[in-house]
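Step one of this worksheet: look at the structure below.
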Amino acid sequence: MTGLRAAIDRLEDWYRGAALPLWARAGADAEGGFYEQLDFSGRPVTGTPRRVRVQSRQIHAFSGAARAGWLPEGDAIAEKGFERLLSTACPDGARRGCAHLIDDDGRIIDQTRDLYDQAFLLLACAARIERNPKARAVADATLGFIDAELASPHGGFCENDCGATPRRQNPHMHLFEATMALYAATRDPAYLTRARDVESLFSTRFLDRNCGVLREFFNEDWSLDDDAGDRLEPGHMVEWAFLLDRFEALTGEDRSAEKTLLYRSAFALAAPDDAPFLPNSARPGAVAQTGGRRLWPQTEALKAALVLGFDDSAGAIIDALFKTYLDQETAGLWCDEYDAEARPAARAVPASILYHLHEAVCCAVERRHRIGK
């Protein structure tokens, strides 16, 4: 336990002392919007489209950092960002949720209504409900839009308002996350009912119990997509393990078998040379091979190891992160991806990963409190 506590202390110190101050200083523009990327010296990368989901993720992360007492100015950053998000990407009070892309000036450059984006808008709303009276109304308007325009007769929701295929479990996973967050913030049982609906999809459609894996890509009727149906993403398996743990905490319903199955199946898909990390993707039944690996699957693996009590694995992941992804000349930045030869492959530092790191640090601190400082 001493080794895990020391590893968690190091991760928290890095996040609070280096990452949060850097991103608070350099990650937002004068209007309150958030840059899509920083370069490896910590300067904003401009002139590229900004994904609206990233705006929402940053609001969530800075709100959480403020609540935890890690960044006093985090609440003001999040509030300014939330107001900027509403005024730029959510026309008509989010009557149709949020758009997909904006530019540096806040102009919408892609009007697509994407389910993944809506899920993160809901997560941002959950983070601001206690502080901003608009947040509840925006969340409910967005959920109404999802119901009215994205609902599928086969269950769940369409990818977007353009009818894109294949259908994916991933946006539903984040809808599960967001509706649980809304319930935790409000205790309105309607939000938990929505979370249960997604959890039911997970249990009946996404989780392949025969093969012990999470399926990703589907046709409209939830049959596996012909082209991508056998592609697996181990990072999502461990992400679901963590979210099922949150579902247990809210409902008191046991999901330990599913959590353990997903965790062990995810690591069974990794090559021995990648330990303790996960690859970006794999195929069921194939011999595990070293491949490209982004940072986010590793933060999700850490969270799952922590909630499952696999303390040695959690400590090993943290130690390995500081030898690889987090070992940067400018403290507080990260390398987002390594290639199949374990060479750094990222050309910039994506802001989207702050959300994953924030959740991992929060989970690690919770685990440290449970085992005792």
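Filtering the stretch 79-138 to residues that are surrounded by fewer than 16 Cβ atoms within 10 Å (Cβ to Cβ) and without any contact (Cβ under 8 Å) to a residue 40 or more places away in the chain leaves Ser87, Pro91, Asp92, Asp105, Arg107, Gln111, Pro133. Of all residues in the stretch 321-353, those that are touching a Gly at 6+ places or on another chain (Cβ under 6 Å), at pLDDT below 95 and either under 22 Å from Arg10 (Cβ atoms) or of a type outside the set (D, E, K, R) (or both) total 1.
Within the stretch 19-44, residues that are free of Cβ contacts under 8 Å to residues at least 60 places away in the same chain and at positive phi reach partners that are of a type in the set (Gly, Ala, Ser) and buried (at least 21 other Cβ atoms within 10 Å of the Cβ) with beta carbons closer than 7 Å, at six or more positions or on different chains, in the pairs Gly32/Gly81.
Residues Leu333, Leu321: which one is crowded, with 22+ Cβ neighbours inside 10 Å and assigned to a helix (DSSP H, G or I)?
Exactly one of Leu333, Leu321 is crowded, with 22+ Cβ neighbours inside 10 Å and assigned to a helix (DSSP H, G or I), namely Leu321.
To keep it simple, each residue is scored yes or no on (1) in contact with a helix residue (DSSP H, G or I) (Cβ under 8 Å, 6 or more places away or on another chain); (2) at pLDDT 95 or above; (3) over 20 Å from Met237 (Cβ atoms).
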{"position": "Asp147", "(1), (2), (3)": "no, yes, yes"}
{"position": "Leu150", "(1), (2), (3)": "yes, yes, yes"}
{"position": "Leu175", "(1), (2), (3)": "yes, yes, no"}
{"position": "Ala185", "(1), (2), (3)": "yes, yes, yes"}
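Restricting attention to the stretch 223-249, the residues being assigned to a helix (DSSP H, G or I), crowded, with 16+ Cβ neighbours inside 10 Å and among the aliphatic types (A, V, I, L, M) number 5. For Glu220, the conditions (1) among the acidic types (Asp, Glu); (2) part of a loop (DSSP other than H, G, I, E, B); (3) modelled with pLDDT under 95 are fulfilled apart from (3).
Within the stretch 255-267, residues that are within 21 Å of Ile317 (Cβ to Cβ) sit with their Cβ atoms under 7 Å from residues that are of a type in the set (Asp, Glu), at 6+ positions apart or across chains, in these pairs: Lys259/Asp245. Would you please name the residue that is surrounded by the most Cβ atoms within 10 Å (Cβ to Cβ), looking only at residues in the stretch 250-286 that are small (Gly, Ala, Ser) and in contact with a helix residue (DSSP H, G or I) (Cβ under 7 Å, 6 or more places away or on another chain)? This residue is Ala266. Please work out if Ala164 is modelled with pLDDT of 95 or more and in a helix (DSSP H, G or I). Answer is no for this residue.
Among the residues making up the stretch 290-306, a single one is β-branched (Val, Ile, Thr) and either at positive phi or surrounded by fewer than 24 Cβ atoms within 10 Å (Cβ to Cβ) (or both): Thr290. Screening the candidates Leu11, Leu86 for the property of being of a type outside the set (S, T, N, Q), modelled with pLDDT of 95 or more, touching a helix residue (DSSP H, G or I) at 6+ places or on another chain (Cβ under 7 Å) and under 30 Å from Lys323 (Cα atoms) yields one hit, Leu11.
Exactly one residue out of Ala275, Ala286 is small (Gly, Ala, Ser), at pLDDT below 95 and within 26 Å of Ile8 (Cβ to Cβ), and it is Ala275.
The values are calculated or read from the model by the stated rules, or taken from the named source; none is laboratory data. As the structure is a prediction and not an experimental result, all values here were calculated from the model. Every residue, glycine as well, gets a Cβ built from its backbone with ideal geometry; the counts of neighbours run over all protein chains shown.
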